[in-house]
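Below is one structure; the comments refer to it alone.
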Amino acid sequence: MSLCGFPYIVLLPALARDTLHLDASGLGLLMAAMGSGAVVGGLGLSAASGLARTGLVATASALAFGLVLMGFAVVRSAAGTAALLFGMGILQTSCVALLNTTIQMAVHDGMRGRVMSMLMVMLFGFTTVGGLVIGTIGDRVGVPAALAGGGAVIVLTATVLLVRASDLVSPAPVAGGAHAAGTS
């Protein structure tokens, strides 16, 4: 998602100007739609505290995020784009928060800080690289098509993960990972 999906934020000004023909205030409204979705996603996760199978829900959120991102290939109105961005805000917040939770619960206590720092490096580093890659592709085929292509990659990856990672369908591990379960 970092490499192929999250660069939508970087490309949003180009999408607003070139595809939707919006000015700065129109871009601001699109960003507000995305931010509102993120707030709703955070509140929804808060209300669903103690959620079992966080890995499964995170992967399903990634799959849905990819599908919504693919919607940029067909949506050409400001209202439709705002609706897509609202949904993406919900799904991005949910996916990242649940991914954080899943990893923190699965990692040994003594390694948690190192693992989480590497996750953040990958999350933000790949987003930066993805902005360059998806932006370059967007220059050649158009921003909506580049975003939709990134969404297709996310859908494919999340689908493969759901099919191949049988542990995603099992309940979430106990906090502290294997160490807390008594196996070292």
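The values are calculated or read from the model by the stated rules, or taken from the named source; none is laboratory data. Nothing here was measured: the structure is a model prediction, and the numbers come from that model. Glycine also receives a Cβ, built like all others from the backbone with ideal geometry; neighbour counts cover every protein chain displayed.
Among the residues of segment 14-27, the one identified as in a helix (DSSP H, G or I), farther than 15 Å from Pro144 by Cα, without any contact (Cβ under 8 Å) to a residue 12 or more places away in the chain and touching a helix residue (DSSP H, G or I) at 6+ places or on another chain (Cβ under 9 Å) is Ala24. Of all residues in segment 145-164, none that is closer than 17 Å to Phe126 by Cβ and in contact (Cβ under 8 Å) with a residue 12 or more places away in the chain has its Cβ atom under 6 Å from the Cβ atom of a residue that is in a helix (DSSP H, G or I) and among the acidic types (Asp, Glu), 6 or more apart or on another chain.
Of everything in segment 46-80 that is modelled with pLDDT under 90 and either surrounded by fewer than 19 Cβ atoms within 10 Å (Cβ to Cβ) or in contact with a strand residue (DSSP E or B) (Cβ under 8 Å, 6 or more places away or on another chain) (or both), the residue that is farthest from Gly142 (Cα to Cα) is Gly50. Checking each residue in segment 32-58 for being free of Cβ contacts under 8 Å to residues at least 40 places away in the same chain and part of a helix (DSSP H, G or I) picks out Ala32, Leu43, Ser46, Ala47.
On the stretch given as segment 137-169, residues that are under 16 Å from the mean Cα position of the chain (by Cα) and not in a helix (DSSP H, G or I) total 0.
Taken as a whole, the structure leaves Thr93 outside the set of residues that are touching a helix residue (DSSP H, G or I) at 6+ places or on another chain (Cβ under 8 Å), more than 16 Å from Phe6 (Cβ to Cβ) and touching a residue at least 12 places away in the same chain (Cβ under 8 Å). Can you name the number of the only condition in (1) farther than 16 Å from Gly55 by Cβ; (2) in contact with a helix residue (DSSP H, G or I) (Cβ under 7 Å, 6 or more places away or on another chain); (3) of a type outside the set (Asp, Glu); (4) surrounded by fewer than 18 Cβ atoms within 10 Å (Cβ to Cβ) that Val115 fails? Here Val115 meets the rest and fails (1).
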